[in-house]
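Contents: one structure, followed by commentary.
Nothing in this text is a laboratory measurement; each read-out follows from the coordinates by a stated rule. All of these numbers come straight from a predicted model, not from anything done at the bench. Here the Cβ positions follow ideal geometry from the backbone for every residue, glycine too, while neighbour counts run over all protein chains shown.
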Amino acid sequence: MLIVPEREIADLMTRAAAFDAVEKVFAAMASGDAYNFPVVREAIGHEDALYGFKGGFDRAGLTLGLKAGGYWPNNLEKRGLINHQSTVFLFDPDTGKPSAVVGGNLLTALRTAAASSVSIKHLARADAKVIGMIGAGHQAAFQLRAALEQRTFEKVIGWNYHPEMLPNIEKVAAEAGVSFEAVDLPGMRAADVIVSITSAFAPSLMADHVSPGTHIACMGTDTKGKQEVEAALLARAAVFTDEVAQSISIGEPQHAIEQGLIAESDIAQLGAVINGTHPGRGSDDQITLFDGTGVGLQDLAVAAAVVDLAVARGVAIEVDF
Ligand code: NAD
């Protein structure tokens, strides 16, 4: 069995490798070659922690396993550790024997950024020039870095509930040589692409803050009750997601469906667009919306890719098991 510790991931994994792994596994999910197992998430009654498992099997990529982990809210203050903690376990699908244990913290950030980036590649207008960011926390910097690689963006505009955090994304724009402007929410009408990545439980982006032809990637809503955009926006848009079952229960569509504004059958898998079985964007004026809820197969795909890179570089630790 191989071990790839968290400390090795930053030097091994690239945004391009994460993008490739996520694009392939979304395609495999849409063609029925890969499926996610039901998610387990429990409040364990210790340290206020939420702990759970996200797993799946990709018959095309032959990736089987799970990500175990969750959220320990006291880690940073009490122990100087990050609050989100996860580890990926991979198994040999031919024998069931464990094949690898991989640090999952940085990989989670990279696979989430890759998902919105894949959606921009397949759904945004080719001539998109202005990208709008809603959110400026830890994950927002990863999302923006990956998104900027998908089109020749000339400007980043940003809004955040806590404006003092905006320098986090301004820095990413500066590193990429793109100008940055803080805007109010109606100012998002200037954006061709919008990425939303907040922990909000009430909508910030309203339907009339979005111009025709915009592509929106909603990445923050991954739990029942969370919401980043007005439900009416989903009724105005062509809606895509990573996995429909997860999207309607814990993603943005939970609210639009509850309000009777859209039906489950209105939501398409992004993988179908990648595979060419769904046409994707219908016109230059259409609003497209990708709801990225985060699936276990994304974690397995990037973990499998990093194991290959670790083996090639000779940094995977081999243990008898
Ligand atoms: P963070 O704590 O670093 O940042 C939180 C962000 O939400 C900040 O920009 C903050 O200003 C904003 N925010 C807080 N309260 C708000 C409110 N009431 N209204 C609007 N904005 C508000 O967290 P992070 O690591 O950047 O993660 C952001 C979200 O993304 C989390 O909710 C997390 O669960 C989610 N996430 C989703 C996936 C996925 O695959 N979809 C993966 C990782 C994280």
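Take the residues in the range 191-203 that are near the ligand (Cβ under 10 Å from one of its atoms) and assigned to a strand (DSSP E or B); name whichever of them is surrounded by the most Cβ atoms within 10 Å (Cβ to Cβ).
Taking the candidates together, the pick is S196.
Could you list all residues from the range 12-32 that are more than 17 Å from G294 (Cβ to Cβ) and either among the β-branched types (V, I, T) or free of Cβ contacts under 8 Å to residues at least 24 places away in the same chain (or both)?
Those that are more than 17 Å from G294 (Cβ to Cβ) and either among the β-branched types (V, I, T) or free of Cβ contacts under 8 Å to residues at least 24 places away in the same chain (or both): T14, A16, G32.
Looking only at the range 81-99, how many residues end up being of a type outside the set (F, W, Y) and under 23 Å from the mean Cα position of the chain (by Cα)?
The qualifying residues number 9.
Only one of these is free of Cβ contacts under 8 Å to residues at least 12 places away in the same chain and more than 25 Å from E181 (Cβ to Cβ): L62, L106, L66, L76. Name it.
L76
For the range 158-181, does any single residue satisfy the condition of being part of a loop (DSSP other than H, G, I, E, B), within 15 Å of the ligand (Cβ to nearest atom), buried (at least 17 other Cβ atoms within 10 Å of the Cβ) and of a type in the set (G, A, S)?
No; the residues of the range 158-181 include none that is part of a loop (DSSP other than H, G, I, E, B), within 15 Å of the ligand (Cβ to nearest atom), buried (at least 17 other Cβ atoms within 10 Å of the Cβ) and of a type in the set (G, A, S).
Filter the range 204-224 down to residues that are among the small types (G, A, S) and not in a helix (DSSP H, G or I) and give me whichever is farthest from the ligand (Cβ to nearest atom).
Per the criteria, the residue is G213.
Go over the candidates K78, K54 one by one and state the one that is loosely packed, with under 14 Cβ neighbours inside 10 Å and among the basic types (K, R).
None of the others qualify; the one that does is K78.
What number of residues within the range 126-155 are within 15 Å of the ligand (Cβ to nearest atom), surrounded by fewer than 24 Cβ atoms within 10 Å (Cβ to Cβ) and not in a helix (DSSP H, G or I)?
Of the residues in that region, 1 qualify.
Quickly run through the range 254-279 and pick out the residues that are crowded, with 17+ Cβ neighbours inside 10 Å and farther than 20 Å from D208 by Cβ.
Within the range 254-279, Q254, I257, I267, A268, Q269, L270, G271, A272, V273, I274 qualify.
Residue by residue through the range 225-238, note down the ones that are more than 15 Å from the ligand (Cβ to nearest atom) and in contact with a Pro (Cβ under 7 Å, 6 or more places away or on another chain).
L234
Condition first: surrounded by fewer than 23 Cβ atoms within 10 Å (Cβ to Cβ) and farther than 21 Å from A68 by Cβ. Can you find one or more residues in the range 288-303 that meet it?
Within the range 288-303, not a single residue is surrounded by fewer than 23 Cβ atoms within 10 Å (Cβ to Cβ) and farther than 21 Å from A68 by Cβ.
Go through (1) out of contact with any His (no Cβ under 9 Å at 6 or more places or on another chain); (2) of a type outside the set (D, E, K, R); (3) crowded, with 18+ Cβ neighbours inside 10 Å one by one and return the number of the condition T223 breaks.
(3)
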